[in-house]
1. Please list 3J(HN,Hα) in residue order for the range 49-63, calculated via the Karplus relation 6.51 cos²θ - 1.76 cosθ + 1.60 where θ = phi - 60°; whole Hz, with x for glycine and proline.
2. Compute a Gaussian network model of the chain, connecting alpha carbons closer than 10 Å, and tell me which residue from Phe93, Phe110, Phe150 fluctuates the most.
3. For the chain, build the charge dipole from Cβ charges (+1 Lys, Arg; -1 Asp, Glu) around the Cα centre, then report which of Val23, Phe110, Ala42 sits farthest towards its positive end.
4. If you average the sequence gap of Cα pairs under 8 Å that are 6 or more apart and divide by the length of the range 65-158, what percent do you get for the contact order?
5. Using a Gaussian network model of the chain with C-alpha springs under 10 Å, which one of Gly101, Gly131, Gly87 is most mobile by mean-square fluctuation?
6. To one decimal place, what orientation-averaged projected area in nm² is obtained for the convex hull of the Cα set of the range 78-135?
7. Could you check how much of the accessible area of the chain is carbon and sulfur, as a whole percent, using a 1.4 Å probe?
8. Please build a GNM for the chain, connecting alpha carbons under 10 Å apart, and tell me which residue among Ser155, Ser147, Ser128 fluctuates the most.
Amino acid sequence: LSVATVPAGSVTQGQSVQVTATVNDTRHNNTNGTEPTQAIAAAEVYVDTPPWGAGATPVALAASDGTFNSTVEGVVGTLSTAGWTTGSPHLLFVRGRDAAGNWGPVSAVFLTVTVSGNQTLAVNKTGSGSGTVTSNPAGIDCGATCSHAFPYDQSVELSAAAAAGSTFTGWSGEGCSG
């Protein structure tokens, strides 16, 4: 059993990923035995939880040629990554079943979901003082409430300059320090 994803390794959250695999029921040596080989009848993929795990949810895969009728089958399916967590890898487990109802071994592949696009950083001045706030990289340069869309994974350094007679007392909010 071999498994791959297209695109391989990493996708943007919300992007569909194609899962491909080859399911093989001819792995047994029948020279001195009675282990029959069967046509592949089904294949499934599981996301993050293996088939034997509590709460595992199968997603059916289709035969690449349109019909399950061979002892070695290419299988394919499409998964949407909408709502998947980002940053750490997800594990996709694939298995196949032969015509006799026997599930074969499980194989797996890692897939990391990333975030793209922009996230808006908003600056809100509080109190009665005045001054300016600027950002590095450029984008924020204001004396009142302002915002700018930065790439999602971009670190932004803000600098505050209090006007004469005003005092800057610090930052607050999620992700703020300094």
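1. Here the 3J(HN,Hα) series is 10, x, x, 8, x, 4, x, 4, 10, x, 10, 5, 10, 9, 5 Hz.
2. Phe150
3. Positive-most Cα among the choices belongs to Phe110.
4. Across the range 65-158, relative contact order equals 21 percent.
5. In the Gaussian network model the winner is Gly131.
6. One quarter of the hull surface, i.e. the mean projection, equals 7.4 nm².
7. 48 percent
8. Ser128
The values are calculated or read from the model by the stated rules, or taken from the named source; none is laboratory data. Computed from a predicted structure; not experimentally measured. Quick reminder, even Gly has a Cβ in these numbers, built from the backbone with ideal geometry, and neighbours come from all protein chains shown. Calculation scope for accessible area: heavy atoms of the full protein, side chains included, ligands and nucleic acids excluded. Shrake-Rupley method; radii C 1.70, N 1.55, O 1.52, S 1.80 Å.
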